[in-house]
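The values are calculated or read from the model by the stated rules, or taken from the named source; none is laboratory data. These figures come from a predicted structure and were not determined experimentally. Positions of Cβ are generated from backbone atoms using ideal geometry, with glycine treated the same way; all protein chains shown enter the neighbour counts.
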Amino acid sequence: DTGVSQDPRHKITKRGQNVTFRCDPISEHNRLYWYRQTLGQGPEFLTYFQNEAQLEKSRLLSDRFSAERPKGSFSTLEIQRTEQGDSAMYLCASSSRLVTYEQYFGPGTRLTVT
Amino acid sequence: AQSVSQHNHHVILSEAASLELGCNYSYGGTVNLFWYVQYPGQHLQLLLKYFSGDPLVKGIKGFEAEFIKSKFSFNLRKPSVQWSDTAEYFCAVKANAGNMLTFGGGTRLMVKP
């Protein structure tokens, strides 16, 4: 399968712990996006990378959140000192340099903070 | 900043019924418009998109959508739904010069066999 992959698919953590998620975009896609989706809502944009550069961040991305894409391939999203309000599905998407508008989504990582 | 409203949160139809899901957006500039679908247990998939030109766009599985600029709307339609269309449907907008998608809250469609 050459789609966007995310790991882990599910994560349960206790409040105050740090968690890290990984996203592997479609090969050769240079643009990568993170979104968050809570129950009953549509996805909300968090941040965007073009190659290794993080070019856009939402106000939703508090200082407890950090995202990286060190070599312009996979990306990680870390949440420090998790809170119950961080419980959500974290989605990753990628798009190519030629068809930048068409974002392909991964299966998501479901985070539950207890 | 752009916003998207989907007025129908839950829709229940019988097979062969016609479908129309409403989507309205708020943004003053040029936009690109999308409908995504999420089947049970699966990830978001692009159903169709509008960029420019013919305001009536056709997507996969017999879906189509019409962009009405004066109404800031991009409604999704299908003449005859099937049980396999049971899914959640999301309308999304992207500013032409931007990168992020702004999604509506979604419409959960259930098609009864």
Which one of B:Leu33, B:Leu76, B:Leu13, B:Leu46 is at negative phi, assigned to a strand (DSSP E or B), surrounded by 11 or more Cβ atoms within 10 Å (Cβ to Cβ) and without any contact (Cβ under 8 Å) to a residue 24 or more places away in the chain? B:Leu46
Which one of these does A:Ser96 not meet: (1) of a type in the set (Gly, Ala, Ser); (2) touching a Ser or Thr at 6+ places or on another chain (Cβ under 7 Å); (3) closer than 17 Å to B:Gly98 by Cα? (2)
Residues that are in contact with a helix residue (DSSP H, G or I) (Cβ under 8 Å, 6 or more places away or on another chain) and more than 14 Å from chain A (Cβ to nearest Cβ), drawn from the range B:45-62: B:Pro55, B:Lys61
Could you grab me the full set of residues in the range A:89-109 that are surrounded by fewer than 21 Cβ atoms within 10 Å (Cβ to Cβ), more than 22 Å from A:Pro8 (Cβ to Cβ) and within 12 Å of another protein chain (Cβ to nearest Cβ)? A:Val99, A:Thr100, A:Tyr101, A:Glu102
Residues of the range A:5-15 satisfying the condition of being part of a loop (DSSP other than H, G, I, E, B) and closer than 28 Å to B:His9 by Cα: A:Arg9
Scanning the range B:21-30 for residues that are at pLDDT 90 or above and either within 20 Å of A:Glu44 (Cα to Cα) or within 11 Å of another protein chain (Cβ to nearest Cβ) (or both) gives B:Gly22, B:Cys23, B:Asn24, B:Tyr25, B:Ser26
So, in the range B:79-97, how many residues would count as being more than 13 Å from B:Tyr25 (Cβ to Cβ) and in a loop (DSSP other than H, G, I, E, B)? 6
Condition first: touching a Pro at 6+ places or on another chain (Cβ under 8 Å), closer than 30 Å to B:Asn8 by Cα and within 14 Å of chain B (Cβ to nearest Cβ). Can you find one or more residues in the range A:74-88 that meet it? no
Kindly provide the set of residues from the range A:1-15 that are surrounded by fewer than 18 Cβ atoms within 10 Å (Cβ to Cβ) and β-branched (Val, Ile, Thr), ordered by number. A:Thr2, A:Ile12, A:Thr13
Would you call B:Ala65 at the interface with chain A (Cβ under 8 Å from one of its Cβ atoms), at pLDDT 95 or above and crowded, with 19+ Cβ neighbours inside 10 Å? no
Working carefully through the options B:Ser5, B:Ser14, B:Ser70, B:Ser18, find the one that is out of contact with any Ser or Thr (no Cβ under 6 Å at 6 or more places or on another chain) and within 14 Å of chain A (Cβ to nearest Cβ). B:Ser5
Considering only the range B:93-111, I want to know if a residue exists there that is more than 14 Å from chain A (Cβ to nearest Cβ), surrounded by 13 or more Cβ atoms within 10 Å (Cβ to Cβ) and under 27 Å from A:Cys92 (Cβ atoms). yes
Residue among B:Thr86, B:Thr107 that is among the hydroxyl-bearing types (Ser, Thr, Tyr) and closer than 30 Å to A:Arg59 by Cβ: B:Thr107
